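Trainee: A single structure is presented below for examination.
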Amino acid sequence: MTMQAWILMVVYMLVLVALAWPLARWMTAVMDGKFAFGKRLEAPLYNLAGVRPDHESDWLRYTIGLLLFNGIGFVAVYALQRLQDVLPLNPQALAAVTSDSSFNTAISFITNTNWQGYAGESTMSYLTQMLALTVQNFLSAATGIVVAIALIRSFKRRSAGTVGNVWVDLTRCTLWILLPLSLVVALLYASQGVIQNFSPYQDVQTLEAQTFDVPKVDAAGQPIVDAAGQKVTESQTTQTQSIAMGPVASQLAIKQLGTNGGGFFNANSAHPFENPTPATDFMAIITLLLIAAALVFVFGDMVGDMRQGWAVFWAMTIIFLVSVFLATHYEQQGNPLLANTDQAATRLQAGGNMEGKEVRFGIAASALYATATTAVSNGSVNAMHDSFTPLGGAVPMVLIQLGEVVFGGVGSGLYGILVFAILAVFIAGLMIGRTPEYLGKKIEIFEMKMVAIAILVTPLAVLIGTAVAVMTDPGRAGVANPGAHGFSEILYALSSAGNNNGSAFAGLSANTPFYNTLLGIVMWVGRFGVIVPVMAIAGSLAAKQRLAVTPGTLPTHGPLFVALLIGVLLLVGLLNYVPALALGPVVEHLQLMNR
Amino acid sequence: MNTNTVKQTDSAVEGVVRPALVLFLLLTIVTGILYPLVVTGIAQKAFPVAANGSLITRGDKVVGSQLIGQAFSSPRYFWSRLSATSPMAYNAAASSGSNLGPLNPALAKAVQDRVDALRAADPGNTAAVPIDLATSSASGLDPHISVAAANYQAGRVARERNLPLATVQGLIVKHTEGMWLQWLGEARVNVLELNLDLDVAAP
């Protein structure tokens, strides 16, 4: 790592904690119902919706509410895409989105995955971007957060039958946490050059004319092929550049804050209108991790023992920093096959593996972004992961496969790592021969069954999905790069979908009925297949007594537990994927070194 | 699910539909309509240039955006990085990277072709080509090249335009943005703005 990369990493962590700490205090107050002015403003909404805000429900009713709320979201996102050609705010007259792509994108956005099977600027109208995608950026983030809050409450409560009011939690989280943050961040972005308008695409006259080849088509629009079977091309010249426009800043702010990651443009946060300067880039990396980091402190705050929050924080941070180091190191080393170029890092250039990276971000900011966006289930990108070196690209892939628990998605990261924490105390309990307990709650058979489901459902969906894609023609047809890298593209896609990340080895042609359907199903299973058992754990824990701490209690703070938690995470979370990883990035790295 | 629990589930669903529908609608209006409109209103008033794409005009013509790169192939201009957008390079209505993996022979070929083209345009220059000048950006719209990539091309551009090398180097410095406080971002040169200034200096 260069000195610049080291400084960037340290400054990043300091700024993150400095912002996450006060945010956590605010989030705790809002979710505990202590924001009095907000409560007055909410009251008419509850009246309209027929909600009694002081009325709490049990875990099952809470979960059914969440599922229904997300189900309505699915229908809305699907319908808006299918009807966008007849709806307003479509200055480019874009056609209705295909049914399989709409299905995929609808699931993708309600599950907080935000996998981009589509290319934003050539597919989605401004109305769809706002009313379908931006809305779900808020609501899927709120869904994740309220599940985490319900789980935290279940640790705090004693012999309780309820975990909260789902409607109140969703409304407060959206209106008083996500919305104000987004407003501030969106305006900061807009001040730096992120566009925010409803104009049609802007045609400009370029300095130089450009000649390029396009496939020749016959009267029916089919490409013409010559006798040898090659597509016939014809030469065209243009001096016009059409520049995509749109309401980007408002979508970008919540896309980062809500760990959504579905970009306004195809190139996502690599696009200069979505990420114009190093300053916006730094802000993007901070905001994508901010709420997930704050939730760790909310956890400590709400359970009344901040040391518990710090233990989880350090387990996450240690894995995160090691990942940043590895990704930066391998990307800075560059590509040995391109020895005909100058890849050295100097004051005049970033050097390293610059394929698929932007000059203004270079290696350090691209590697940090890639690590953060996959540690957190954000999935936005400022560089193309498909063009990373084998091991540089393995870092994001492994972070996704760990289950998005290194900070993770907003809410989903915290409830994910708490599931692993329960598993860690269970394993420790077996080793020392005591009934395992976490935060004073006995961990028994029912909880462990749910923990097993929550941990295993995603790897199952990912690995079965990968196997299906590799064994079928339409699955293999999408691969863009030859050899082991092609397998990595498929494995990455399924891992990203199952763990609700949404980033891609984007060479894979995934906007096909096969991948849209397969990935749609895997995203749904990976989201709700975890949320339901987690809510069941919350219901069960809330109903239990809270035991007093005794000398026999295993302390769940301090370095020993941090090490245990990291160990369980790597052992259980990663071991599932080791054989598959050996076939992809590991083989590719060995091939690269042997050339 | 057995028959005993069906009734219980019914009662769990009851009273869930109305809040779900109404709150979905209300929150959609707030986050999907009001929020983007408020951001647009403030941004258009406070940062009109930035919010509309940081466009560059010459006379009454819009000639580009500060933030969006353009393709250059004449030796009289500084060349931008490679761009993998289709059907033409620097298609700002369809951003895309190349997504070529590190071992893909197509990557090595694209890099070699670029190196050959640069050498053909400037046969006397034997320096190694800076990596960013021989590779595609992530967006396909990168407006910048590294300072090293600009310096590499300075001799060629000066010769083609009959300008003193120092003048061209001065223009590079003028359009260079440095690293902020030694840690944020990378030193970079805006290619379009540099070329626009070149046309003024030696039309």
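Trainee: Read through the list (1) farther than 28 Å from A:Gly498 by Cα; (2) open to solvent by 20 Å² or more (accessible area, probe 1.4 Å); (3) not in a helix (DSSP H, G or I), then give the number of the only condition that A:Pro44 fails.
Mentor: (3)
Trainee: Moving on. In the range A:1-38, which residue that is more than 14 Å from chain B (Cβ to nearest Cβ) and free of Cβ contacts under 8 Å to residues at least 12 places away in the same chain is least open to solvent (accessible area, probe 1.4 Å)? It would help to see each step written out before you state the result.
Mentor: The initial filter retains those residues of the range A:1-38 that are more than 14 Å from chain B (Cβ to nearest Cβ), namely A:16-37.
Retained after the next criterion (residues that are free of Cβ contacts under 8 Å to residues at least 12 places away in the same chain): A:18, A:22, A:29, A:34, A:36-37.
Values: A:Ala18: 66, A:Pro22: 71, A:Ala29: 30, A:Lys34: 144, A:Ala36: 66, A:Phe37: 115 Å².
Step by step, filter the range A:1-38, then rank; the result is A:Ala29.
Trainee: Kindly indicate whether B:Ala138 is touching a Gly at 6+ places or on another chain (Cβ under 7 Å) and open to solvent by less than 30 Å² (accessible area, probe 1.4 Å). Break it down stepwise before answering.
Mentor: Numbers: touching a Gly at 6+ places or on another chain (Cβ under 7 Å): yes; open to solvent by less than 30 Å² (accessible area, probe 1.4 Å): yes.
Yes; evaluated as a whole, the condition is true for this residue.
Trainee: Looking at (1) surrounded by 21 or more Cβ atoms within 10 Å (Cβ to Cβ); (2) more than 7 Å from every other protein chain (Cβ to nearest Cβ); (3) within 17 Å of A:Ala106 (Cβ to Cβ); (4) aromatic (Phe, Trp, Tyr), which is the one condition that is false for A:Trp59?
Mentor: With (1) surrounded by 21 or more Cβ atoms within 10 Å (Cβ to Cβ); (2) more than 7 Å from every other protein chain (Cβ to nearest Cβ); (3) within 17 Å of A:Ala106 (Cβ to Cβ); (4) aromatic (Phe, Trp, Tyr) applied to A:Trp59, the lone miss is (3).
Trainee: Could you tell me whether any residue of the range B:56-69 is under 30 Å from A:Gly71 (Cβ atoms), facing chain A (nearest Cβ under 7 Å) and modelled with pLDDT of 95 or more? Working first, answer last.
Mentor: Taking the range B:56-69 first, the residues under 30 Å from A:Gly71 (Cβ atoms) are none.
No, that holds for no residue.
Trainee: Do you know which residues across the range A:1-43 are of a type in the set (Lys, Arg) and over 26 Å from the mean Cα position of the chain (by Cα)?
Mentor: First pass over the range A:1-43, keeping only residues of a type in the set (Lys, Arg): A:25, A:34, A:39-40.
Answer for the range A:1-43, where residues must be of a type in the set (Lys, Arg) and over 26 Å from the mean Cα position of the chain (by Cα): A:Lys34, A:Lys39, A:Arg40.
Trainee: Same structure, new question: Since B:Ser98 meets every condition but one in (1) assigned to a loop (DSSP other than H, G, I, E, B); (2) open to solvent by 20 Å² or more (accessible area, probe 1.4 Å); (3) more than 7 Å from every other protein chain (Cβ to nearest Cβ), which condition does it not meet?
Mentor: (3)
Trainee: While we're here: Looking at A:Arg434, A:Arg476, which is the one that is among the basic types (Lys, Arg), in a loop (DSSP other than H, G, I, E, B) and surrounded by fewer than 23 Cβ atoms within 10 Å (Cβ to Cβ)? It would help to see each step written out before you state the result.
Mentor: On the way: A:Arg476 fails: in a loop (DSSP other than H, G, I, E, B).
Result of the check over A:Arg434, A:Arg476: A:Arg434.
Trainee: Checking B:Thr126 against (1) assigned to a helix (DSSP H, G or I); (2) open to solvent by 20 Å² or more (accessible area, probe 1.4 Å): exactly one of these is not met. Which one?
Mentor: (1)
Trainee: Under the condition of being touching a residue at least 60 places away in the same chain (Cβ under 8 Å) and over 19 Å from the mean Cα position of the chain (by Cα), which residue from the range B:148-203 is most open to solvent (accessible area, probe 1.4 Å)?
Mentor: The qualifying residue most open to solvent (accessible area, probe 1.4 Å) is B:Glu160.
Trainee: Moving to a separate point now. Scan the range A:575-584 and give yes if some residue there is buried (at least 23 other Cβ atoms within 10 Å of the Cβ), of a type outside the set (Gly, Ala, Ser) and more than 20 Å from the chain's Cα centre (by Cα), otherwise no.
Mentor: The answer is no, given that none of the residues of the range A:575-584 is buried (at least 23 other Cβ atoms within 10 Å of the Cβ), of a type outside the set (Gly, Ala, Ser) and more than 20 Å from the chain's Cα centre (by Cα).
Trainee: How many of the residues in the range A:146-202 are touching a strand residue (DSSP E or B) at 6+ places or on another chain (Cβ under 7 Å), within 8 Å of another protein chain (Cβ to nearest Cβ) and open to solvent by 10 Å² or more (accessible area, probe 1.4 Å)?
Mentor: 3
Trainee: Then there is this: If I filter the range A:230-272 down to residues being facing chain B (nearest Cβ under 7 Å) and of a type in the set (Val, Ile, Thr), which single residue comes out as least open to solvent (accessible area, probe 1.4 Å)? Break it down stepwise before answering.
Mentor: Quick first cut of the range A:230-272, residues facing chain B (nearest Cβ under 7 Å) only: A:238, A:241-245, A:247, A:249-250, A:265-267, A:270-272.
Next cut, of a type in the set (Val, Ile, Thr) only: A:238, A:243.
Details: A:Thr238: 31, A:Ile243: 1 Å².
By that ranking, first place goes to A:Ile243.
Trainee: Between residues in the range A:389-417 that are more than 12 Å from A:Val376 (Cα to Cα) and residues that are among the small types (Gly, Ala, Ser) and open to solvent by 10 Å² or more (accessible area, probe 1.4 Å), which pairs lie under 6 Å by C-beta distance while being six or more apart or on different chains?
Mentor: These pairs meet every condition: A:Val395/A:Ser323.
Trainee: Here's another thing I want to ask about it. Please find, among A:Ala452, A:Ala424, A:Ala506, A:Ala484, the residue that is open to solvent by less than 10 Å² (accessible area, probe 1.4 Å) and either farther than 30 Å from A:Ala119 by Cβ or touching a helix residue (DSSP H, G or I) at 6+ places or on another chain (Cβ under 9 Å) (or both). Step through it out loud before you land on a result.
Mentor: Values: A:Ala452 fails: open to solvent by less than 10 Å² (accessible area, probe 1.4 Å); A:Ala506 fails: open to solvent by less than 10 Å² (accessible area, probe 1.4 Å); A:Ala484 fails: open to solvent by less than 10 Å² (accessible area, probe 1.4 Å).
Within the list A:Ala452, A:Ala424, A:Ala506, A:Ala484, the selection yields A:Ala424.
The values are calculated or read from the model by the stated rules, or taken from the named source; none is laboratory data. From a predicted model like this one, the values you see are computed outputs, not experimental measurements. Every residue, glycine among them, receives a Cβ derived from its backbone with ideal geometry; neighbour counts consider all protein chains shown. Keep in mind that these areas ignore ligands, DNA and RNA; they rest on the heavy atoms of the full protein, side chains included. Shrake-Rupley method; radii C 1.70, N 1.55, O 1.52, S 1.80 Å.
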